[in-house]
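Undergrad: The structure is given below, and queries will be raised subsequently.
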Amino acid sequence: MRQSTLIFHTRKEAPKDEVAVNAQLLIRAGFIDKLMAGVYTYLPLGLLVLKKIETIIRTEMRAIGGQEILMPVLHPKALWEKTGRWSTLESLFKFKGLNSEIEFALGPTHEEVITPLVQGENLSYKDLPVYLFQIQDKFRDEVRAKSGLLRGREFIMKDLYSFHATEEDLNTYYEKVRGAYETIFKKAGIGDMTYFTFASGGTFSTYSHEFQTLSESGEDTIYVCESCRVAVNREIIAEQRACPECGSEDLKERNAIEVGNIFKLKTKYSSAFRLGYKDKDGSEKMVVMGCYGIGLSRLMGTVVEVSHDEDGIIWPLSLAPASLHLLSIGAESEGLKKTAERVYNGLVKEGIETLFDDRMDVSAGEKFSDSDLIGIPYRIVVSEKLLKEGNVEVRDRKTKTVEIVKEADLVPFLKKTFLSS
């Protein structure tokens, strides 16, 4: 990908009304554009990151048996009335059609759609368990849409729903999802700072669980137990001062960002929609349900919140819009142009994702500054000075370490040193 073809450019300053670091950096670096509070456009670089997050999540959902579907965003009022949430869910967007008195909601979540969907299949015990997931836009009438991608009115979410014959089967699958989530956050580069967190379970389970990533900018307060490496949120700590997992009372208060959650719904929604199944003896029993969410856009914002410095974003290799940022620096002689093109074409031929800053009217200082702001993991510099010795410069964005490598040895060096994983 050539940087000269990107019509969305970097900015020296973020919009004055953006206070969140993730929004400031993503807007300045040309990954997103703000349409209004809590609503963003994903530009080419931002969409590349989002698609990588999507691939990681989709891979892990399929690995635990998830079948992907795509449900409507537009929901009829009647479904939400069945669960009582039409009048109790404050963040629900509601409206009437222009030519009808029928009322609708924009989906913030999909229990009210997926439960009657599955109910229509007249399940027997032989059909269970079933695992269905989707990746889709969601809508919430968020009062405090001020945290960039962390708190949006429109956002992208993966939601998985599981359907079981027994609570025991739900409990077994619940632990599988926990493992899959831990893998997802590890692949996204935030595994070491993300904690499985006990939260209030409401009326249908002792606990629900969140996955909370430590961040000074986080709006949530959690209490970390290093003895068993889990955490409890503020609601739980108000009820009990000990870790629910190991009983330790040595809990450290930290700020964090919620990046995922899992709930044992049990029969809360299946009862509302009479979602049952026929057991072996022919008796009708209620299906037991679980639900499991990850906000893709929130995860993207969280990675930026915890992985940046004063110069810009520092993407993990797994999420970066490209692995390498190739910069052609100095007087644009024919020799330099040919070398830069040769290096770029060689990288592309090897299947190495590369953003090539081939802009002719931009100074070296601006190119270096933009490269740091965009945050691609490794930077390759081709310049007149290096060209004299047949060398290129390789710089690690995170560690800032620099290696001088022969052009002929560049691809083997990259594959062995940086891209082996």
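The values are calculated or read from the model by the stated rules, or taken from the named source; none is laboratory data. Only a predicted model underlies this, so the values are computations on that prediction, with no experimental measurement involved. Ideal geometry is used to build each Cβ from the backbone, glycine not excepted, and the neighbour counts take in all protein chains shown.
Undergrad: Does any residue of the range 122-133 turn out to be buried (at least 23 other Cβ atoms within 10 Å of the Cβ) and not aromatic (Phe, Trp, Tyr)?
TA: Checked against the condition, which is being buried (at least 23 other Cβ atoms within 10 Å of the Cβ) and not aromatic (Phe, Trp, Tyr), the range 122-133 yields no hits at all.
Undergrad: Got a sec? Which of LEU319, LEU275 is aliphatic (A, V, I, L, M), in the same structural domain as LYS176 (by TED's automatic domain parsing), crowded, with 22+ Cβ neighbours inside 10 Å and more than 21 Å from HIS209 (Cα to Cα)?
TA: LEU275
Undergrad: Limited to the range 348-377, what total is found for residues that are in contact (Cβ under 8 Å) with a residue 24 or more places away in the chain, surrounded by fewer than 23 Cβ atoms within 10 Å (Cβ to Cβ) and under 22 Å from GLN24 (Cα atoms)?
TA: Of the residues in the range 348-377, 7 are in contact (Cβ under 8 Å) with a residue 24 or more places away in the chain, surrounded by fewer than 23 Cβ atoms within 10 Å (Cβ to Cβ) and under 22 Å from GLN24 (Cα atoms).
Undergrad: Another one. For the range 340-366, name all the residues that are in contact with a Lys or Arg (Cβ under 9 Å, 6 or more places away or on another chain) and not in a helix (DSSP H, G or I).
TA: GLU350, ILE352, LEU355, PHE356, ASP357, ASP358, ARG359, listed by residue number.
Undergrad: Follow-up. Which one is surrounded by the fewest Cβ atoms within 10 Å (Cβ to Cβ), of the residues in the range 201-210 that are in contact with a strand residue (DSSP E or B) (Cβ under 7 Å, 6 or more places away or on another chain) and of a type in the set (S, T, N, Q)?
TA: SER205
Undergrad: Could you list, ordered by first residue, the pairs with Cβ atoms under 7 Å in which the first is in the range 75-95 and over 21 Å from PHE155 (Cα atoms) and the second is assigned to a strand (DSSP E or B), at least 6 apart or interchain?
TA: LYS77/GLU103; LYS77/PHE104; LYS77/ALA105
Undergrad: Let me ask something additional. I need the full set of residues from the range 265-285 which are in contact with a strand residue (DSSP E or B) (Cβ under 9 Å, 6 or more places away or on another chain), aliphatic (A, V, I, L, M) and either modelled with pLDDT under 95 or not in a loop (DSSP other than H, G, I, E, B) (or both), in order please.
TA: Of everything in the range 265-285, just one residue is in contact with a strand residue (DSSP E or B) (Cβ under 9 Å, 6 or more places away or on another chain), aliphatic (A, V, I, L, M) and either modelled with pLDDT under 95 or not in a loop (DSSP other than H, G, I, E, B) (or both), namely LEU265.
Undergrad: Quick one: what pairs do we get from the range 11-34, first residue at positive phi, second polar (S, T, N, Q) and in a loop (DSSP other than H, G, I, E, B), C-beta under 8 Å, 6+ apart or different chains?
TA: If the second residue must be polar (S, T, N, Q) and in a loop (DSSP other than H, G, I, E, B), the pairs left are GLY30/THR10.
Undergrad: Condition test on LEU47, is it under 19 Å from GLU154 (Cα atoms) and either modelled with pLDDT of 95 or more or surrounded by 22 or more Cβ atoms within 10 Å (Cβ to Cβ) (or both)?
TA: Answer is yes for this residue.
Undergrad: Within the range 45-73, track down each residue that is without any contact (Cβ under 8 Å) to a residue 60 or more places away in the chain and farther than 30 Å from ALA105 by Cα.
TA: THR59
Undergrad: Look through PHE163, PHE155 and report the one residue that is touching a helix residue (DSSP H, G or I) at 6+ places or on another chain (Cβ under 9 Å), under 24 Å from LEU25 (Cα atoms) and assigned by TED's automatic domain parsing to the domain that holds ALA37.
TA: On inspection, the qualifying residue turns out to be PHE155.
Undergrad: Still on this model: Just the residues that are in a loop (DSSP other than H, G, I, E, B) and not aliphatic (A, V, I, L, M), please, taken from the range 388-421.
TA: Hits for the range 388-421 are LYS388, GLU389, GLY390, ARG397, LYS398, THR399, LYS400, THR401, PHE418, SER420, SER421.
Residue-wise test of (1) under 23 Å from LYS52 (Cβ atoms); (2) buried (at least 16 other Cβ atoms within 10 Å of the Cβ).
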{"position": "THR172", "(1), (2)": "no, no"}
{"position": "LYS176", "(1), (2)": "no, no"}
{"position": "ALA188", "(1), (2)": "yes, yes"}
{"position": "MET193", "(1), (2)": "yes, yes"}
{"position": "ALA199", "(1), (2)": "no, yes"}
{"position": "GLN212", "(1), (2)": "yes, yes"}
{"position": "TYR223", "(1), (2)": "no, yes"}
